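Asks: Sending over a structure as structure tokens; questions will come in a sec.
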Amino acid sequence: MRILSLLLLLGISLAAQATDPVEAFIQRMSNTHGFDAAELRKVLGQARIRQDIIDRMNKPAERTLNWGQYRKIFLKDKRIAQGAAFWKRNQAALEKAEQTYGVPPQYIVAIIGVETFYGRIAGKDRVLDALYTLAFHYPKRSTFFTSELEKYLILTREEGLDPAKPLGSYAGAMGLGQFMPSSYLAYAVDFDGDGKRDIWNNETDAIGSVANYFARHGWKAGQPVTTPVSGVKDIHQKFLDAGLKPRFTLGQLRKAGLSLDPALGDNLATALVKLVTDKGPEYWAGLNNFYVITRYNHSELYAMAVYQLGERIREARKP
């Protein structure tokens, strides 16, 4: 009878584990990645369920910004000046990044400027809290954030970090370049050779990691990012409808009656991009490297902000 009771209790315990997503996650991490289940329970036991994070995820955008409004947020004198200062103190690392990955300094600096204002707004939420909350208490994105929590625990183990310490955004993005854990594992690099990939405090590692991200997403060294286009009419709508991925050539745009920089040949792949302003639309050719910038954030506004901020910073550095 006693044996039957023990077996019954064991069955109840196993059933409870099977229906508890946190316990199921712990068991999977133990079986798949070799985590000690008891230690992982202690780690996850430190996580706080943050209703404010759920509220921020659920809050709809207050309004949709057009390009003119979006541009004003990022192309401010203070951000440009601080970008030039960031470039100056990291010139050697930026030159090394360009030599290694082919990405010009201005776009690396601009990404870090847009993402975190050079570390000023890198996030104040514990990454463990954010990912735990969204993995287990935000059903609509649970699959994605459970995977990110998995990657986060792996990266903290690899880097010897206390999982309860790193800070980031309310969605779990981390460091100067705001990498999600999966991006960290895939693209973060130890660019100064000190044995750690520190994208929070080490500007050299952050620079190398952003450059590596661009390179791994297809950045083409020496090629332009974008150029203005004029002459767009209703008959060119098919180019706009094709999306941000380059599906045409500059030659095809020219044959369709559009005007653009004659110094650029016909063979470069491009998309046609429309940016709305209060004064009317602007049209640009979104070349391969423009598309690569959108791999960081799938938005033509974001990519153009990075491009123009980078160019303004480059100009600010001229004597």
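Asks: Checking Thr133 against (1) outside any helix (DSSP H, G or I); (2) crowded, with 24+ Cβ neighbours inside 10 Å; (3) among the β-branched types (Val, Ile, Thr): exactly one of these is not met. Which one?
Replies: Tallying (1) outside any helix (DSSP H, G or I); (2) crowded, with 24+ Cβ neighbours inside 10 Å; (3) among the β-branched types (Val, Ile, Thr), Thr133 fails exactly one: (1).
Asks: Within the range 262-279, track down each residue that is free of Cβ contacts under 8 Å to residues at least 24 places away in the same chain and within 23 Å of Leu301 (Cα to Cα).
Replies: Ala269 - this is the single residue of the range 262-279 that is free of Cβ contacts under 8 Å to residues at least 24 places away in the same chain and within 23 Å of Leu301 (Cα to Cα).
Asks: So, one more: Mind checking which residues of the range 253-287 are touching a strand residue (DSSP E or B) at 6+ places or on another chain (Cβ under 7 Å) and part of a loop (DSSP other than H, G, I, E, B)?
Replies: Once the filter is applied, which keeps residues that are touching a strand residue (DSSP E or B) at 6+ places or on another chain (Cβ under 7 Å) and part of a loop (DSSP other than H, G, I, E, B), the range 253-287 yields Leu258, Asp261, Leu264, Asp266, Asn267, Leu268, Pro281.
Asks: Listed residues Tyr70, Tyr107; which is touching a residue at least 60 places away in the same chain (Cβ under 8 Å) and more than 17 Å from Lys318 (Cα to Cα)?
Replies: The match here is Tyr70.
Asks: Something else about it: (1) in contact with a helix residue (DSSP H, G or I) (Cβ under 6 Å, 6 or more places away or on another chain); (2) on the phi > 0 side of the Ramachandran plot: which one isn't true of Gly231, the others all being true?
Replies: Failed condition: (1).
Asks: If you check Leu4 against the conditions, is it out of contact with any Phe, Trp or Tyr (no Cβ under 7 Å at 6 or more places or on another chain), surrounded by 10 or more Cβ atoms within 10 Å (Cβ to Cβ), modelled with pLDDT under 55 and not assigned by TED's automatic domain parsing to the domain that holds Leu161?
Replies: Values: out of contact with any Phe, Trp or Tyr (no Cβ under 7 Å at 6 or more places or on another chain): yes; surrounded by 10 or more Cβ atoms within 10 Å (Cβ to Cβ): no; modelled with pLDDT under 55: yes; not assigned by TED's automatic domain parsing to the domain that holds Leu161: yes.
So Leu4 does not fit the description; no.
Asks: Still on this model: Please state which of the following conditions Ser147 fails to meet, knowing it meets all the rest: (1) modelled with pLDDT of 95 or more; (2) over 17 Å from the mean Cα position of the chain (by Cα); (3) surrounded by fewer than 16 Cβ atoms within 10 Å (Cβ to Cβ); (4) not β-branched (Val, Ile, Thr).
Replies: (2)
Asks: For the range 21-119, which helices (runs of 4 or more DSSP H) that fit wholly inside it have 1 or more residues that are within 24 Å of Tyr296 (Cβ to Cβ) and touching a helix residue (DSSP H, G or I) at 6+ places or on another chain (Cβ under 9 Å)?
Replies: In the range 21-119, the matching helices (runs of 4 or more DSSP H) lie at 51-58, 67-74, 77-89, 91-101, 105-116.
Asks: Among the numbered criteria (1) more than 22 Å from Arg48 (Cα to Cα); (2) in contact (Cβ under 8 Å) with a residue 24 or more places away in the chain; (3) not acidic (Asp, Glu), which single criterion is violated by Phe179?
Replies: All conditions are met except number (1).
Asks: Looking at (1) closer than 25 Å to Asp125 by Cβ; (2) out of contact with any Leu (no Cβ under 7 Å at 6 or more places or on another chain); (3) of a type in the set (A, V, I, L, M); (4) assigned to a loop (DSSP other than H, G, I, E, B), which one does Ile199 not meet, given that it meets all the others?
Replies: (2)
Asks: What are the residue pairs meeting all of these: first residue in the range 306-318, first residue under 17 Å from Tyr70 (Cα atoms), second residue assigned to a helix (DSSP H, G or I) and among the β-branched types (Val, Ile, Thr), Cβ atoms under 8 Å, and 6 or more apart or on different chains?
Replies: Going by the 8 Å Cβ cut-off, the qualifying pairs are Val306/Ile111; Val306/Val114; Val306/Ile293; Tyr307/Ile293; Leu309/Ile80; Leu309/Val114; Gly310/Val109; Arg312/Ile80.
The values are calculated or read from the model by the stated rules, or taken from the named source; none is laboratory data. Bear in mind that the values here come from a model prediction, so they are computed numbers and not experimental data. Using ideal geometry, Cβ is built from the backbone for each residue, glycine included, and neighbour counts are taken over all protein chains shown.
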